[in-house]
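Undergrad: Quick one: the structure is below, and I'll ask about it shortly.
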Amino acid sequence: MALAHYYRILGLRTGASFGDVKLAYRNLARLYHPDINPGDQLAKEKFIQVTQAYQALVNALPVEAVAAQRKATPSQATKAPAQTTPSAAASRPSVPATPPPAKEVEFTVSPTPGGSAADQQLKVNSFKQLRELFKGQRFPRAVALVEGLVQRFPEDPEIRQWHAITYYRWGHDLLNHGNLQKAEACLKKARRVDPQNRSLRQALHHDFQRLEQLRQHPVAQAQ
């Protein structure tokens, strides 16, 4: 399969650096991880897709580029006191055959642009809280949390991604429960917030198709 396809899965332009590939994978993996989305088959499939895309791109990148980024990782991690990179993950460029445990993906929140140590700690704590809200399917509370983060960090692209995916996750849940009107509003909001995220666009396209099918066949929805 063409490498451009794997870049698209991660929401990146073809030829993005290893650092961009790694960050995009970690952002998507922790949001689609099965431990955070119990029983959500779509999230499981997305997790598998982004993992496979990361593996393919890392294997295709020049060894020198991967090694240079690995050397830079420890110094970057010191900027955020709450970040810790597991030594096992740092010693190999490829993704393990089995999905990484939930605790491994906690340590990948990148520093907010121009933020202080206090800002970064707030971001880390907010992300942990967001994950717990996702686990409990408390989506209105998750939206309120991420809306506050957007106000605090308007220039942070990672927060924008969280913002869009939170609305997507809420819309997906509403769709599962048959609340089609509110689901559509949430899915449209997700699309407006992060229109350049190709991976998210694919997930939204799937849900919009499902939304239309449910409207055309309400009997199937009731079943």
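The values are calculated or read from the model by the stated rules, or taken from the named source; none is laboratory data. Computed from a predicted model, the values in this text were never measured in an experiment. Cβ: placed from backbone, ideal geometry, glycine included. Neighbour counts: every protein chain shown. Just the protein is used for accessible areas: all its heavy atoms, side chains included, with ligands, DNA and RNA removed. Shrake-Rupley method; radii C 1.70, N 1.55, O 1.52, S 1.80 Å.
Undergrad: List the pairs whose first member sits in the stretch 120-142 and is among the acidic types (Asp, Glu), whose second member is open to solvent by 80 Å² or more (accessible area, probe 1.4 Å), and whose Cβ atoms are under 9 Å apart, counting only residues at least 6 apart or on separate chains?
TA: Glu132/Arg138
Undergrad: Are any of the residues in the stretch 171-194 touching a residue at least 60 places away in the same chain (Cβ under 8 Å), part of a helix (DSSP H, G or I) and under 20 Å from Ala43 (Cα atoms)?
TA: Scanning the stretch 171-194 turns up at least one residue that is touching a residue at least 60 places away in the same chain (Cβ under 8 Å), part of a helix (DSSP H, G or I) and under 20 Å from Ala43 (Cα atoms).
Undergrad: Name every residue in the stretch 1-21 that is open to solvent by 40 Å² or more (accessible area, probe 1.4 Å), within 11 Å of Leu61 (Cβ to Cβ) and either among the polar types (S, T, N, Q) or not in a helix (DSSP H, G or I) (or both), in order of residue number.
TA: Matches in the stretch 1-21: Gly15, Ser17.
Undergrad: If you don't mind, another one. When the stretch 154-170 is examined, which residues are found to be assigned to a loop (DSSP other than H, G, I, E, B) and either surrounded by fewer than 21 Cβ atoms within 10 Å (Cβ to Cβ) or β-branched (Val, Ile, Thr) (or both)?
TA: Result: Pro154, Glu155.
Undergrad: Residues of the stretch 121-146 being over 16 Å from Cys186 (Cβ atoms) and either assigned to a loop (DSSP other than H, G, I, E, B) or not assigned by the TED database to the domain that holds Cys186 (or both), which ones?
TA: Gly136
Undergrad: Could you check Asn179 against (1) farther than 19 Å from Leu31 by Cα; (2) open to solvent by less than 40 Å² (accessible area, probe 1.4 Å) and say which number it fails?
TA: (2)
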